[in-house]
Structure formats: structure tokens, C-alpha cells
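The values are calculated or read from the model by the stated rules, or taken from the named source; none is laboratory data. Small disclaimer: the values here were computed from a predicted structure and weren't measured. Cβ placement follows ideal geometry from the backbone for every residue including glycine, while neighbour counts extend to all protein chains displayed.
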Amino acid sequence: MTNAVAFPPLRTAKSITFTPPSFKDFPTLPEIFAFHALNSSKHPVYVHADDSTGTVHQIYFPEAYAAIQRGHGIVSRHHSAMEGDATESSIVGILANLDTMTYMALLVGIMHAGLTPFAISTRNSVDGVVHLIRTTGLQLLGDYVKWRNASVTEHRTMQRLASEVGARLKDEGIAISIIPAPQFSDLYNEDSAFKELLPVRNSSDPVTIILHSSGSTAQPKPISVRNRKFLQWGCHPYYGDIDVVGVRMSAHSLPTYHTMGVILIGWMACAGITIAAFKPANPPTIPTPDVFLHEVAATKCQLVFCVPIFVEAWARSPKNFPILRDLHALIYAGASLARETGDRLVNAGVNLTPFYGLTETGCNTPFPRKLQKPDPSHWRFFRLTPRCHIYLQPHGTVEEGEIAELIILDSKSYSPCVLNTTVNGQPAFATGDLVLRHPTEKDRFCVYGRVDDQLVLSTGEKVTLIITITETLFSQDPNIASAVIFGYARFQCGVLIQPAEAFDPMDEQKLAAFRNLIWPSVEKVNDIAPEHARIFKEMIITTYPKKPLELTAKGTPRRQMCLKAYKEEIDALYDAVKESSQTDIPIPGSWTKENATQFIESAVKRVMKHPVAVDEDMFLQGCDSLEATWIRNSILHAIRSSKNNANIHKIPLNIVYAHPSILALGNQFWQVISSTEVSGDRDQATRMKTRCTEMESLVAKYTTAIPMPTWRILSEPCREETVLLTGSTGRLGCYILKQLTDREDILKIHALNRSVLGLSSQERQREALKSWDLNINPEAFQKIVFLEYSPSENKLGLPEDAYLELQATVTTVIHNGWRVDFNIGLRSYENLIAGTRRLLDLAVGSSVYNGPKFILASSISVFGNLDDGEPAPESSVPASMAAGFGYGEGKWVTENICQKISEATGLSLSIIRIGQMSGDAGGHWNVKEWVPALVKIGKAIGSLPSRDESVTWLPVDTAAAAILDILKKTPPAFLNLVHPRPTAWNDIFKATADYLQLGFISYEEWAKQLYARKDTIVHEIQDASVDLVDFFLRGQFGDGRYTMDVTLETCPSLKNLEPLEMTHVIKSLPFWNI
């Protein structure tokens, strides 16, 4: 609760026109205005320019208070005339578009009558207004004004809103009295009939006003502000860096029904600020950027308070800079401002200041002092008022610094209007706003996004903290009025745009032209977006002229309402994209080998974010599954649109993965459309031989110039370990890391991961651990050193000092980092193969005694061609056993490189061939792996498959423990890490099928059904895991018999392991959202 006596010394003491009121007894706002009418009669409340006379007109407290008294009289007369028990309702709503001075006088006039005003945004939908009236029990509504000079559109919009609201309420049996809202001349005149009216106070702490939230994510919520809290807001300027008494603040653009507008009444009454507004007019003047800035100059404003859209408009023209530079401060609030815009203004000498506040909490940013030379590194960051106590809920770090949710605590000095959480037992309001903390000045913050500004794609990938930034970037384009990102539970993102100049999106030529017009803005968005969140041209849809986006009072789209309104159009867009992509790439009248390759080059280069040469592996250059899908769909579209009779069914789902360069894919495309593709059966043996040769050539390539070690031999083994772990953010890596930190004999863990744009390694690690419900206590976390490396660079791209430290301290290398993708070919793994060789060079160059151990996490996929019934050995295997499957081929190549370097140098090596890892006791199992994919596809087909074999899935936490079993031992050359006690496939999958009420059929029949629907199944279940369709059609899961004698002797964690339960998959269904 506010302690009024604790206010700081009044800054208004030097004013000769403004007498500060006493706050000791918590006066109401009408009582303060009554006080000023007598004691501050020469102090200007409002100022406006009059272009017709070239003069500036001021309104003083007595005149403003008289208008308030007239408002009291008008409202109380209508309130008294209400029928029945309606007079018991003290809430009077205002749903009207009035000029600033009229609206404020009416608002305070309602308070003066002892009633509670409810300021309702005219931008609300009918549903929103009805919801607010229903929720609050409002029974008297000041409605729209029949403007004398209004356009037909303006008048009809307000009339339609009022009419539809009334009809809806009547249907629901809710009775309200609607009265016309007064005009300026009704309140500001010479009528003295109401001058004797005194402020009515109906309680010690009455509800001063009801506001409502913006409703950007759901229906707007009413928020009651009591008198003592409103006094907190009104006295806010006392806690700033300047004295605002008599200072002219521009309010030309602020909606008076919004907190940003209402708060000015408090500052005016409590702190003596003078409000500059447009000349009262009917209808109100529309604040275009040019008209707004003209008024700022005409009224000689010192402070401008507005939303960013005006700032962005002014920043486009340097001719505006002199006016903005003369301001004490240009204050923006309500939304984010683009960095480029702010930098331009600050570098021009404009004192640009963000203001942070919420309807639920009021004002939280102090008024700033004028800076002689604004600091370009500071303008985005605001300070919080010292009376506001906060808690920061960590949400990780980004390149710029720490991210946290801002939580405002309830305290003696400041109390939010809404409390929705507790922090250490203290009531608080969780704002839902994510703030970025200044890297050096820890008391400064900038809004980074919203906690709920996140889309989760069907791939499981999250578009986090991007929505707000992206939509802000779109808003800078003068051709775009508003934008809303969509894509929840879909494979990719899209954007719904309301053009600045409306057109019919059914006109395909106009739609294509508009997409081209705004494409530079889309490219800016794609530059900052993660790969999986990029927006393609075909994923842009526009609004219909008769169905504009619903906006909040801040002018931002109401996301959920907008997406609901355009649900059919969005669904239709995804349906259209299923069948074809990039339909605007020219298709030749007749195909040749040359133009087939040119077509593929166009299809590839238009979806790839970075340039790619025709002979480069696309996947090594960053191509992902989304882009591969677009490329494949473009090929399908080309075949359908061609005049030849090419068989579209010859385009497998993995065609892009199997032919990962433009030249290779172009050649394959030409073979399909020219019907010159070689029969698979006839050339199978030749292809296998070629693949073996390719595998062996890569081994030879990466085993040349092997350095000799210089480490010294010590008979006594080391007692404490320093471990280098690659791939610590993967699932197995997280469990290994967790168990390493739990061990007392581990001094330090160097977690080596590939860099990812936008998130630090430490933050990615925290997110990864959280996704598997793994907790590392803060003390143990201090053991971890996070490093980012590049497999393709010399010395792994590490700083020299970091590289040398690793060579001087690391006693064990656990090489676990690898790309798990069953679609890409061997050449797409070459950068990881090269990275393994560089990691081996680091180990061989070590200076620790005896050299480090090198543990390679390989895969049972190297046994892909093992004869049925033959047990997989704990020894090396020929290339022919792994050939035919890119993932297994890459693992085989890596094994053999490690083996040859170990043999040449004496490096202690252990190759651990890991089988399918299942979920831990809590069912945490990666949704992108083949088992969840099989279950999801089974749900789409209506059945799960039976197989006459066993599964040897090993729980992931057990797998991690078994790997760490060998740290203190002389590691054997090969281990087969699978479950030592197999479980029948049919036991597990029959139980799963019964649980999901699915059929259970032979694998052959199941595969036939899958093949028949393979071109549509991808879109039916909307999940990236169905990239595994071809994997399922091959039907090779790597389960069989395994020699485990050495493994069981080495790994005690496996010896007493119980067989898997029949419900093992069922435990993971909730984690997979099945």
C-alpha cells in the first residue's frame, strides 16, 4: 500500500502557478482538481494550437474543473433516471471517440459524481466490448457521438459497433442504458448551473477508474484501479530526474481510453504537468505523423509521449530532426522500436527514451534528464523507478546479455493493481515481459519480447523471442499496416499481412506484386530468424479489405483473434503448399540436361539462406529439412507442369538428401524427366561397390600426415579426470554431462559444441537439460567450461589459449557430437568426419602423461548389412557391412580413421557402438527418433506393425552410465552398447497398439499401406519425423544379436539391468504429445 507521507520532497516548490496538494489523507482525483481550482488558478492544464488564428490557447484549472462539474451533472442526471435497481450500479462506461480535453473532463466528471468510469477502447471487437460489459456489470454507457463533420465511414463504424453491442447484450438478457457522450461545447461553456456540485466520495479508497488490458493474446480483461494506486501513478513524476511542473507534454496521439492517456490526468493534477493536445474538434483530429509533429512545434512541447509508429515515421526524414532535437525527451511506449530507427535519431542528437509501464502496474520508468549528447549504446534501455521493487526470473542469455521475465513485487512503496504470483512468499505481478539486461549497467533494461511470444512448430523446434521483433520489423515497411506470424504445430512459419493499401488477395497478380514489393522486408526478417523460422514467399497471405485485422489500443494486432478470423485462409495456404512450392520459377517448354540443372539451381538458391556452389553439398552449407522439402516440392511442381510423361512416383522423399549438390540433383532430375534412370536392381552391386570405394577413400584422405605424440609415460594412473565432451547439448550428451558433474573425481568438463546463431552454448545447455528434466546444482555447474567449435576449421576454430589448455589438461575425450539424420548421404557428413580428425590431432598433441583416452560414440548402424542370425562382433567390420546408408557409412569411416590413428600413435581408443536409446524412467525420449515417428505414422495409418524380432533398446541414462564405466579402466577397442536382455518387438508394440486402440498387422502389410500413402503422410500428420518414411520402407532397425562379452565385463551398469517392460513406449506417449 502506498505510504503517502513517504513521497520525496516536492519538485514543484519553485512554481509560482502550481500549488502542490497534500497527499497525507489520500485525496481523490476530483478533490485534487477542486483544490487546484482555488489554489492553482493561474496554472495551465491544457494547451492547444489554433491554426486559424495562428495562436496558442491555454486552459487553466478553474475552467477545467468547471467542465468536470458539468460532466458530473450530465452523468448524474442520466444515472438517476435509470429504471429499477440499475442505480445500484456505480460503473459508467465510455465507448466514444472524443477529443482529449472532452474525454478527460467526462472521465473525471464521472468520478466527481461518486461513480466509476470504465474507459473502453473503440478498437475492441463486438465480442470484446460485450465481454467487458458482461464481466463488470456495467449498466450505463456513454456511447458514440453523431459527429457533424464525420465521414460516412467514421460515423458508420462507431454506429455499427454500438448497434451490434446493444443487440448482443439484449440477446443475452443484459440491460444497459445508453446515453450520447457529451461534446466539448457541452462541458466547456459559460453555464454555471453545476458550479455548486462538490466531489462525491463513497469510500475511503474508492475505485477511481476501470481500464482494460489490450487483449493482444485473448479477450481484454477489466482492471480496477483504486484511488491510492492511482495516486501512485499521479505522483510518479516526483521520482524522476526532472521537475515537470509547467512542462508541456504532447498527448496528441495518445488514446484517452488507454492507460497511456489516462495517466496524464494524474500527472496533470498531482505534479503540474501541462498537456498539449489538438484543438477540440468534432470529430477529433486524426494524428498523422506530419500533423502531429506540426502541433508539437506549434505548442512548443518539451516532452513528447507517443507510440513507436510515429517515431519511425519521423525518423524517415532528416527535416524532422531539428524539431525532435529541441525536445527535452522523445518518449515512446507501448511497443518496441527498431534498432535502426533509434540509432538514426540518437546519432542525430535526439534524446530518445523508452518508457515502461503496464495497465496492471502503472508507470515504472522515471522521467529522464536531458542529455547534451545522447549515448547510442543506451537509448534502448530504461531504468526502473527506485520505489519499484522487482525480481528477475532468468530466461537464459543471448549474445547481447541476460534475458529475464520482469516481476514487480508488492511493497510498501509501490503496489501493482494486479497480483498473479508470489516470489519467496511475497505477492507480485509477473508481467510476462522478457527484458534484456544491459551488459554493464545492470539497472538498465530493454524489452526483448514476451514469455508467450513463442511458436512451437510440429518439428518440436521453437520460434522463441522472435515474434515481437519480427512483427516490429514488418511494421517499418510503409507498405504494411500490420503483420501477424503464424505456424503453431505446423512444419513452417508464415505471415498474415494487412497491406497499407488494401487489395483483393484473390487477384493473384496483385498478390504476387505485393509479395515482391515487401520482399526486402521479409529478407530482413529472415536475416535475424533461425533457419527453421524463415518465411518463404508462398507463405505470405494478406487480409481482405472487408476483414481487417483487429487491433489493440496500442495499434498492435490482437494475435489470437486475428488468427481465429483467418483460420480458413491459413489452413488453405498450408494445404496448397503441400503440393507445390516456388511455383513462379519458369518451366521450359522442353527439357534438356542443361536447363534441368538450371531449374534445380534456381530452386536451391532461392531457398538457401547463403550462396552455394553447384558442386557443394547443400547440407554442409546449412540446408535443413524445411528447405529440402521446398526443393523437392518444386521438382514435383515442375514434373506436373511439364508436357512429358515423367513418372512423379520416381521422386523419393529423400531425393534431395540422396543427391545433395545442385549438379547431382540436376542430373537425377534429368534422368527422371527424360526416363533415362538406371534400373536399381541391375546396378545394385555396382552401386554398393562404388559406395565402399567412396568410404575407403575418405578414410585414406583423413589418415595422412599423422603427427607423432610427445606425451610422457607414467605407470601410476591419474586419480582425477578432466573430460572433453562433444555434443553435450544432445540427449545422450545431457545425461553424460549430468553424471560427470555428479562425480567427485571429475575436476572439470569442457563442453564442446558447434555454435548456433542467437544462443550461447551455456544457454543451449540449460535449455537442453531442462527439456529432459535434468538438474545440475549450481556448484556442480561451475565445473563446466563451455566452448564453441567449428569442425571444418583448423584447430577446431578454437582460440589458441583454449586449444593449448585442452592439450595440457584433458585426460579423456568423449566424442559424442554427431548429426543424427537418416536421410543425408555420406558426403554430407564429411565436415563431421574432418572434425573428428582435428579432434584426434588435439588428443595426439596432448602433453598429459600417457596421453588422453579417446572414446568414440559410434553406432550399431555399421552392422547394416550383417547376415540374418549372425551376431554383431566386438571388432572391426568391412566397409561392405555398413554401405548403403549414409549415417552408418559416416560412422564406419570415422571408426576406421580413429583406429588407424590409434594404431599409428598409441592413442588409447575405445569405439562404443550405441544402439537405439529409449526413454529414461520418466519417459523422456526424443520425439524426432524413429520409434515416436513409427507410432505417429501408425496412428495416421490406423495400425502398428508386428515383427518377428527382439528389441535391444537401452534407456538413455543407463547408456550414459555405461560409457562412464570405462573412465577408470583400460578401454577395450570395441563395445556394443545395447540392452543385454532383449525384449520381443511384438510384446512392446502390441501393448502400445492396444493402448492407442490401433490395429496390429504384419510389417509387410504395414509397409504397403505406408508406401501407398507416402506422398501424403508427411502432410497428414504435420511432423518432421516423417522424413523417416524411406527408412521405414527399408525396414532395417539394427536390432539383432550382439556379442557383448567384453562390454559386460567392462560396464557394470549393464550387468543387472532388467528387461524392458511392455509399457516402455506407452510411458513416453505424453512426452511425444500422443
(request) State whether one or more residues within the stretch 317-334 are part of a loop (DSSP other than H, G, I, E, B), surrounded by fewer than 18 Cβ atoms within 10 Å (Cβ to Cβ) and not β-branched (Val, Ile, Thr). (result) yes
(request) Would you mind telling me which numbered condition in (1) under 46 Å from the mean Cα position of the chain (by Cα); (2) modelled with pLDDT under 90; (3) not hydrophobic (A, V, I, L, M, F, W, C) Asp25 fails? (result) (1)
(request) Would you tally the residues in the stretch 394-413 being hydroxyl-bearing (Ser, Thr, Tyr) and modelled with pLDDT of 85 or more? (result) 1
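Conditions tested, residue by residue: (1) farther than 27 Å from Gly73 by Cα; (2) modelled with pLDDT of 80 or more; (3) in a helix (DSSP H, G or I).
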{"site": "Pro117", "(1), (2), (3)": "no, yes, no"}
{"site": "Thr153", "(1), (2), (3)": "yes, no, yes"}
{"site": "Val165", "(1), (2), (3)": "no, yes, yes"}
{"site": "Pro182", "(1), (2), (3)": "no, yes, no"}
(message) Exactly one of these conditions fails for Leu371: (1) in a strand (DSSP E or B); (2) modelled with pLDDT under 90; (3) among the hydrophobic types (A, V, I, L, M, F, W, C). Give me its number.
(response) (1)
(request) Look through the stretch 915-933, keep the residues that are crowded, with 22+ Cβ neighbours inside 10 Å and of a type in the set (A, V, I, L, M), and return whichever of them is nearest to Asn986 (Cα to Cα). (result) Val931
(message) Are there helices (runs of 4 or more DSSP H) fully within the stretch 238-316 with at least 2 residues that are among the hydrophobic types (A, V, I, L, M, F, W, C), out of contact with any Cys (no Cβ under 9 Å at 6 or more places or on another chain) and surrounded by fewer than 21 Cβ atoms within 10 Å (Cβ to Cβ)? List them.
(response) 289-298, 308-315
(request) Please enumerate the residues belonging to the stretch 492-512 that are within 19 Å of Ser475 (Cα to Cα) and either at pLDDT below 90 or not in a loop (DSSP other than H, G, I, E, B) (or both). (result) Cys493, Gly494, Val495, Leu496, Ile497, Gln498, Pro499, Leu511
(message) Given the criteria under 27 Å from Val1065 (Cα atoms) and buried (at least 23 other Cβ atoms within 10 Å of the Cβ), does Arg947 qualify?
(response) no
(request) Working only within the stretch 42-65, note down all residues that are over 49 Å from the mean Cα position of the chain (by Cα) and modelled with pLDDT of 95 or more. (result) Lys42, Pro62, Glu63
(message) Condition check: modelled with pLDDT of 85 or more and either under 28 Å from Ser482 (Cα atoms) or hydrophobic (A, V, I, L, M, F, W, C) (or both). Does Tyr391 satisfy that?
(response) no
(message) Consider the stretch 987-1021. How many of its residues are of a type in the set (Ser, Thr, Tyr), at pLDDT 80 or above and outside any strand (DSSP E or B)?
(response) 4
(message) Please go through the stretch 25-82 and give me each residue that is within 18 Å of Leu264 (Cβ to Cβ) and of a type in the set (Phe, Trp, Tyr), ordered by number.
(response) Phe33, Tyr46, Tyr60, Phe61, Tyr65
(request) Can you give me the number of residues within the stretch 764-803 that are among the charged types (D, E, K, R) and more than 26 Å from the chain's Cα centre (by Cα)? (result) 6
(message) Residue under question is Val813, and the condition is that it be at pLDDT 95 or above and under 27 Å from Thr710 (Cα atoms); does it hold?
(response) yes
(message) Among the numbered criteria (1) within 48 Å of the chain's Cα centre (by Cα); (2) surrounded by 13 or more Cβ atoms within 10 Å (Cβ to Cβ); (3) of a type in the set (A, V, I, L, M, F, W, C); (4) at pLDDT below 80, which one does Met82 miss?
(response) (1)
(message) All but one of (1) touching a Gly at 6+ places or on another chain (Cβ under 6 Å); (2) more than 30 Å from Ser661 (Cα to Cα) hold for Gly825; state the number of the condition that does not hold.
(response) (2)
(request) Go over the candidates Lys221, Lys279, Lys300 one by one and state the one that is in contact with a Lys or Arg (Cβ under 8 Å, 6 or more places away or on another chain) and among the basic types (Lys, Arg). (result) Lys300
(message) Looking at the structure I just gave you, is Ile655 closer than 24 Å to Ile824 by Cα, surrounded by 14 or more Cβ atoms within 10 Å (Cβ to Cβ) and either of a type in the set (A, V, I, L, M, F, W, C) or at pLDDT below 90 (or both)?
(response) yes
(request) Please indicate, with yes or no, whether at least one residue in the stretch 912-923 is touching a residue at least 40 places away in the same chain (Cβ under 8 Å), within 34 Å of the chain's Cα centre (by Cα) and over 19 Å from Ser771 (Cβ atoms). (result) yes
(request) Please tell me if Phe619 is at pLDDT 80 or above, surrounded by 19 or more Cβ atoms within 10 Å (Cβ to Cβ), touching a helix residue (DSSP H, G or I) at 6+ places or on another chain (Cβ under 9 Å) and outside the structural domain of Met539 (by the TED database). (result) no
(request) Enumerate the pairs (first residue in the stretch 186-205 and under 15 Å from Ala113 (Cα atoms); second residue anywhere and modelled with pLDDT of 90 or more and part of a loop (DSSP other than H, G, I, E, B)) with beta-carbon separation below 6 Å, excluding pairs fewer than 6 apart on the same chain, so at least 6 apart or on different chains. (result) Val200/Ala113; Val200/Gly114; Arg201/Thr28; Asn202/Gly114
(request) Scan the stretch 322-349 and report the pairs whose first residue is in contact (Cβ under 8 Å) with a residue 12 or more places away in the chain and of a type in the set (Lys, Arg) and whose second residue is surrounded by 21 or more Cβ atoms within 10 Å (Cβ to Cβ) and assigned to a helix (DSSP H, G or I), with Cβ atoms within less than 6 Å and a gap of 6+ or a chain change. (result) Arg344/Ala315
(request) Go through the residues of the stretch 763-777 one by one and say whether even a single one is closer than 23 Å to Ser846 by Cβ and without any contact (Cβ under 8 Å) to a residue 40 or more places away in the chain. (result) no
(request) Report yes if Thr958 is on the phi < 0 side of the Ramachandran plot, in contact with a Pro (Cβ under 9 Å, 6 or more places away or on another chain) and hydroxyl-bearing (Ser, Thr, Tyr), otherwise no. (result) no
(message) Being surrounded by fewer than 20 Cβ atoms within 10 Å (Cβ to Cβ), of a type in the set (D, E, K, R) and touching a residue at least 40 places away in the same chain (Cβ under 8 Å) is the filter here; which residues of the stretch 386-432 pass it?
(response) Glu399, Glu405, Lys412
(message) As an exercise: evaluate Ser675 against (1) modelled with pLDDT under 80; (2) over 36 Å from the mean Cα position of the chain (by Cα); (3) at negative phi and give the number of the one condition it does not meet.
(response) (3)
(request) Could you list, in sequence order, all residues of the stretch 826-859 that are touching a strand residue (DSSP E or B) at 6+ places or on another chain (Cβ under 7 Å), closer than 26 Å to Ala808 by Cβ and of a type in the set (Ser, Thr, Tyr)? (result) Thr836
(request) Output the residue which, of all residues in the stretch 826-857 that are charged (D, E, K, R) and in a helix (DSSP H, G or I), is nearest to Thr703 (Cα to Cα). (result) Arg837
